[in-house]
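Visitor: The structure follows.
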Amino acid sequence: MSSPDGTALPVVFLERLFGKDVSISDDLRERIVSCLDRLEETGRDMAEFFTPAEGALLCEVFKNAHFEADRFDEWPLLILWDLEDVEKYERLGNHFGVSVPHLLEKMEDFTCSQALWLFAAIDRFWEDRRRRGDRDEFYEVELR
């Protein structure tokens, strides 16, 4: 699939959204490209926002996370609640060498775009591990 400007859209992303054999209107395709551009821009802004240890902790904490799309505007708050809510995250913080309270403070002003970027980065991390068959323990993750 290609965007209106001729660049290729990530097929896996579109298949996850719409299924394998769905045709997409030009208008919808344009909106998707716009969202992907915004996500890419957010990714550039977020470069090095998290330490590799914080990235590893976030990948572990949110590896099976699912937030409802209709609550997108609440995602930043839901992330903070999830990190604050469960005692095990403090243990995970110790495991990864991360101060969870500091991480929470760092993420206090997270935007919806940043939350979406975070989940996309975590999904990419786990997808890459599955593809490689990597089962080794990890302590550092560069979120990209």
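Just so you know, all these numbers are worked out from the coordinates, no wet-lab data involved. These figures come from a predicted structure and were not determined experimentally. Cβ placement follows ideal geometry from the backbone for every residue including glycine, while neighbour counts extend to all protein chains displayed.
Visitor: How far apart, in nm, are the 7 Å Cα→Cβ label points at ARG38 and LYS88?
Guide: Those two pseudo-labels are separated by 3.3 nm.
Visitor: Which stretch or stretches of the range 88-111 have amide N atoms under 20 Å from the point lying 7 Å from GLU60's Cα along the Cα→Cβ direction?
Guide: Backbone N within reach: 88-107.
Visitor: Follow-up. Any idea what the relative contact order of the range 43-126 is, in percent, if you count C-alpha pairs under 8 Å spaced at least 6 apart?
Guide: 46 percent.
Visitor: Please turn the phi angles of the range 112-117 into ³J(HN,Hα) values with the Karplus equation 6.51 cos²θ - 1.76 cosθ + 1.60 (θ = phi - 60°), one per residue in order, whole Hz, x for glycine and proline.
Guide: For the range 112-117, the Karplus-derived couplings read 4, 4, 5, 5, 4, 4 Hz, x marking Gly and Pro.
Visitor: Give me a comma-separated list of calculated 3J(HN,Hα) values for the range 51-68, in order, Karplus coefficients 6.51, -1.76, 1.60 applied at θ = phi - 60°, integers in Hz, x for any Gly or Pro.
Guide: Whole-Hz 3J(HN,Hα) from phi for the range 51-68: 6, x, 5, 5, x, 5, 4, 5, 5, 5, 5, 9, 5, 10, 5, 9, 10, 4.
Visitor: Related question: On average over all directions, what projected area in square nanometres does the range 52-132 have, based on the convex hull of its Cα atoms?
Guide: Average projection, Cα convex hull of the range 52-132: 5.3 nm².
Visitor: Additional query: Starting from the Cα of ASP45, step 7 Å along the direction of its Cβ; do the same at SER25; then give the gap between the two resulting points in nm.
Guide: 2.9 nm
Visitor: Another question, then. By counting other Cβ atoms within 10 Å of each Cβ, how are THR42, THR111 ranked from fewest to most?
Guide: Lowest count first: THR111, THR42.
Visitor: If packing is taken as the average number of other Cβ atoms within 10 Å across a peptide's residues, how do 26-36, 56-66 rank, most packed first?
Guide: In decreasing order of mean packing, 26-36, 56-66 become 56-66, 26-36.
Visitor: Okay, next question. Amide H of ILE24: which non-local residues (sequence gap of 5 or more, or other chain) have their own amide H closer than 5 Å, using H built in the peptide plane?
Guide: none
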